[in-house]
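Scroll down for the structure; my scribbles are underneath it.
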Amino acid sequence: MDEIIHITVEDQHGGIRQLEIPGGINLSLMEVLKASEYDILATCGGMALCATCHIEVLEGRENLDSLSEAEMDMLDTLPDASEMSRLACQVRLTPALDGLKIRVFGNN
């Protein structure tokens, strides 16, 4: 039986929700956030071309894969990007991410 991945999500209004995702789901964090009705446009469909799935990783960055060249380039275009920034479409959900805490930026 697959593990459950627990992710704490803070929305743009300060609301906090705990998501429980099956470990073997093989989705990106962006896909899970969209399915959980967070305000993420993801206009490029997960290709790291639009940055509309920009998140900040509050806890658990050490368990993420390294930034790809495409992700780094896209984050460089964002005025509010920080060293805690990632694109949710580039974060694959694995059991190693259990306990991840993130903040989403709405697309208002």
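I want to check the label-to-label distance for E83 and L49. Put each point 7 Å from Cα in the C-beta direction and report it in nm to one decimal.
For E83 paired with L49, the spin-label model returns 3.2 nm.
Need one word for segment 4-104: rounded, prolate or oblate. Basis is the Cα gyration tensor (sqrt eigenvalues a ≥ b ≥ c); a/c below 1.5 gives rounded, then a/b vs b/c decides. Please list the in-between numbers first.
On the way: a/c = 1.42, a/b = 1.31, b/c = 1.08.
Note, shape of segment 4-104 comes out rounded.
Label-point separation (nm) for A70 and E10, each offset 7 Å from Cα along Cα-to-Cβ?
3.0
How high is the relative contact order of the chain, in percent, counting Cα pairs under 8 Å that sit 6 or more residues apart?
Relative contact order of the chain: 42 percent.
Once you place label points 7 Å from the Cα toward the Cβ at E62 and A35, how far apart are they in nm?
2.9
About its Cα centre, how strong a charge dipole does the chain have in debye, to the nearest 20, once Lys and Arg get +1 and Asp and Glu get -1 at the Cβ?
Value, rounded to 20: 180 debye.
Looking only at the chain, where both bridge partners belong to it, what percent of the DSSP beta bridges are antiparallel (to the nearest 5)?
So the antiparallel bridges in the chain amount to around 80 percent.
Read-outs: derived from the displayed coordinates by stated rules, not from any lab. Predicted, not measured: the structure shown is a model, and the values here were computed from it. Here Cβ is always computed from backbone atoms with ideal geometry, including for glycine, and neighbour counts include all displayed protein chains.
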